[in-house]
1. Pick from segment A:21-61 the residues that are more than 14 Å from chain B (Cβ to nearest Cβ) and in a helix (DSSP H, G or I): which of them is nearest to the chain's Cα centre (by Cα)?
2. Hey, does segment B:68-89 have a residue that's assigned to a helix (DSSP H, G or I), modelled with pLDDT of 80 or more and either within 14 Å of another protein chain (Cβ to nearest Cβ) or farther than 30 Å from B:R313 by Cβ (or both)?
3. Can you name the residue in segment A:144-164 that is buried (at least 22 other Cβ atoms within 10 Å of the Cβ) and of a type in the set (A, V, I, L, M, F, W, C) and is also farthest from A:E41 (Cα to Cα) among such residues?
4. Inspect all residues belonging to segment A:96-103 and state whether any of them is farther than 22 Å from A:T213 by Cα, within 14 Å of chain B (Cβ to nearest Cβ) and out of contact with any Cys (no Cβ under 9 Å at 6 or more places or on another chain).
5. Tell me which of these B:R362 doesn't satisfy, since it passes every other one: (1) more than 14 Å from chain A (Cβ to nearest Cβ); (2) buried (at least 17 other Cβ atoms within 10 Å of the Cβ); (3) of a type in the set (D, E, K, R).
6. Considering B:F334, B:F390, B:F364, which residue is under 22 Å from the mean Cα position of the chain (by Cα) and assigned by TED's automatic domain parsing to the domain that holds B:N11?
7. From the list B:G353, B:G309, which one is of a type outside the set (S, T, Y) and within 13 Å of chain A (Cβ to nearest Cβ)?
Amino acid sequence: MKKAATTPPVIALSGLTKRYGVGDATHTVLNGVDLVIEKGEFIAIMGPSGCGKTTLLNILGLLDHADDGDYFLDGRSVDTLSGGKRAQIRSSQVGFVFQNFNLVPRLNVIDNVALPLTYRGVGHTKRLKEASKMLATFHLSEREYYMPWQLSGGQTQRVAIARALVNNPSIVLADEPTGNLDSRSSHVIMEELADIHARGNTIIMVTHNPDLTSYASRVIRMLDGKIDSDTKVPRAQKPETAPKIRLDSLVKPVKKSGKKKGRKK
Amino acid sequence: MRLLIANHFANAYESLRSNRMRTTLTILGVTIGIASITVILSLSSGASRLVTSQVGQLGGSTAIVRPGSPMRDLQLSDITASLGGTATVSSLTEQDLITIKNIPEVEAAAPLMLLSGSLTASDETPDKSSLVATTPDFINITPLDMIDGQFIDSVTNQETAVIGAQLSVDLFGTEQSIGRTFRTHGTTFTVIGIIKRQNNPINYNNIDLDHTAIISLEIGKNFNQGVASLQQINIKSTSPDKLAGVVEQTKNTIQSNHFGETNFSIMTDDDLVRPSNELFAAISATLSTVAAISLIVGGIGIMNIMLVGVTERTREIGIRKALGASNTHITWQFLIESLVMSSAGGVLGYLAGYLAAFAISRSFLTFDPAFTWTIAGVALGVSVLVGTLFGLYPAIRAARKDPIEALRQYH
C-alpha cells in the first residue's frame, strides 16, 4: 500500500476485518477493507443496511477495535494504543456527529458543546467562551441556554455538529447526520458540513440518501463488508447539483421556522 | 491525564440535585450509621476522659489500698464496684491506717468506711444516699470545694456531718442546709458543710459525693461494734517521685500487720486509669461494630442507587466516551458522585450524632460527650471509606461500558 513519504494520509486502512459472534454464528461485518483518505476530503459512504458502514465509522473513530488488518491514523498505527490513549485521540482528533444527535439531555446547549473541551482539560470559563464562539458560527447564539428538548431537530443537529467541531478535530465522523431530519433541515445540515469541509476539515459521512452525495468530494459504496466502488466527484459538478439552497439564504427563515417547530414539539 | 476534579464535583452536584428525593434517602442511610458511631465514640471517650481527669487531679502522688488479693489483673469492677459489696469481708483495719501514717514519706492517709443504712430528715428518706466515715485527712488527698461551711476536722463535734449538694436537696429541699439535722443509726447529725456539686459518680473513691454524707471515723466505728472495717485507704506521698517508695513500704507494713498475707492491693494513678480505659475502649469497639452494620446498610444503599444511576445514564456514558472521556474520567465521575453522597452523610451524621449524644447525656448520664478531632476524623474517614468502597464497583462498571453498546441504548 502506498504511504506518502511527505505527509501521511489522515487515514490508511489495509485489510481491515471485523467479525461479530463466535463459532458457527460468526458474522463478518468488515471483510478486508483497504482505504486511504487524504486530508481535506469529504467522503460519503453509502450502502445497504448491514453492510458495515457504521462499524467502519466506529473503528475509524476508535470506538471499536478491528479484528484484523492495520489502521494508521496520521501515519501512526492505532492497534497497540491503550484505552486512555485512544480516548485522548478521540478527544483531540475526532469529532462525532450522530443520527440521533446524542446531546446529553441533562446539560444545556452550551454545556453540551463545551463537553469535549472538558476532557482536554480546558478551564471552565475558556470552555464556555469557545463553545459560545462555535455556536455563533452556527447561528445558535440565542439558544445557548436552551435545554436539548427545547430545540427542533435541525437545531439539535447543528448543536451536535458544533460540539463535534469545538476541539478542532482533524476528522469529523458523521453517521447519517440527516437521518432524522426533513429534507429542508437536511440540506441546511449538509450546507454546514460543506462549509466546514471548505475550511479544510476532513469529513467522513455515512448516509442512505443519494441526494446528499452531491456535497461530497468522493463517494464510497460498500456491499457486504467490502468496498464496492470508490468514485471521486469532480469539483465542477458540485454547484450544479446543489445550487438551490445556500446557507446564507437559509439562515433567517430557518431560525424562525425552527422556533415554530420547537413549540410544536 | 487531568482528573477534572472540579468538573466532576459540579457534575455530581447537578446530577444529585436532579434526583433530590433518592439522593436524600441515600444520604440518610449513611447519616444514621455515622451518627450512631459518633454517639458511641463521643460518649465512651467522654466517660474515659472523666476517669482520666479524676485520676489526673491526684497529681501523681496518690495511691490507694483496697482489700482483696492482687494476684489477678486489676478489673474495672475493682474501681467502680460499689464499696458496699466488699464491706463485709474487708481485710483493712485501723491498725493498717496507723502504720501507713507512720511511714515518713506519707503526707496524709485517709480511710474510707462505707456504712449501710438510710438517712432521714423530718420525713424525707432519699432513695439514693450513702454514708461514709473518714478522717479530716480525706480532704487533703481529694480536694473538695465547699458551697458552705467546712469539712470535718479534728475539733468538730462527733455528731456532725458534711453532705453532698444533691443529698442536701433531697433531704432538706435546699442546698443551704447548714445547721439542719438528719438521723441515721439512731444518732442525730448536724450538717456543718455542703460539698459543691461534683457530677462524677465514677471516681476512684467509689462514692458519688453528691449523694453522700461524710461523718468522722470515730462515730462510724461506733455503728460497727467499735471496729473500723475499711474499704479503702487513700495515701498521699510528700512528692510524686516518692510514691514508688511509699507503695513499697506500705506493702511491707501491711503485709507484716496481716501476718505475711497479701490480702490487699495497692493501686496508683496508672493502675486506676488503665483498666477503665481498656474497658471503655472495648465497649466502644463492640458498639461501633454494631453501628458499622448500619453503615454497611447505608453503603449498600449508595451502591444500589449508583448502579441505578449508571444504568440510567448508559447513553450519556457512551456520548462522553465518544467525545473523548477515558475510562478514568468516567470512573472518577461516578466515584465522586458516591463520595459526595457519603461525605454529606458523614458530616450530617457527625452533627446529628453529637446532638444525640448531648440529648442522651443530658437526660440519662452525668457526663458530657467528648469533642475530639479523632472522632471527627473517624466519622469523616469512615464515610469517605464507605463512599469509595461502595462507589467503586458501580463506577468501574460505568467505565467498562462499551461505548458502541452504550450509544445504541435508548430510553
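The values are calculated or read from the model by the stated rules, or taken from the named source; none is laboratory data. Worth saying up front: this structure is predicted, and the values here are computed from it rather than measured. Note that we place each Cβ from the backbone using ideal geometry, even for glycine, and neighbour counts take in every protein chain shown.
1. Selected residue: A:A25.
2. For segment B:68-89, residues assigned to a helix (DSSP H, G or I), modelled with pLDDT of 80 or more and either within 14 Å of another protein chain (Cβ to nearest Cβ) or farther than 30 Å from B:R313 by Cβ (or both): absent.
3. A:L151
4. Yes, there is a match, as at least one residue in segment A:96-103 is farther than 22 Å from A:T213 by Cα, within 14 Å of chain B (Cβ to nearest Cβ) and out of contact with any Cys (no Cβ under 9 Å at 6 or more places or on another chain).
5. Every listed condition holds for B:R362 apart from (2).
6. Checking each option against the conditions leaves just B:F364.
7. Result: B:G309 is the single residue among B:G353, B:G309 that is of a type outside the set (S, T, Y) and within 13 Å of chain A (Cβ to nearest Cβ).
Residues are listed down the side, and each one gets a yes or a no for (1) assigned by TED's automatic domain parsing to the domain that holds B:S342; (2) in contact with a Pro (Cβ under 9 Å, 6 or more places away or on another chain); (3) at pLDDT 90 or above; (4) assigned to a helix (DSSP H, G or I):
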residue: B:N252; (1), (2), (3), (4): no, no, no, yes
residue: B:S256; (1), (2), (3), (4): no, no, no, yes
residue: B:F280; (1), (2), (3), (4): yes, no, no, yes
residue: B:S284; (1), (2), (3), (4): yes, no, no, yes
residue: B:A291; (1), (2), (3), (4): yes, no, no, yes
residue: B:S294; (1), (2), (3), (4): yes, no, no, yes
residue: B:G301; (1), (2), (3), (4): yes, no, yes, yes
residue: B:V310; (1), (2), (3), (4): yes, yes, yes, yes
residue: B:G318; (1), (2), (3), (4): yes, yes, yes, yes
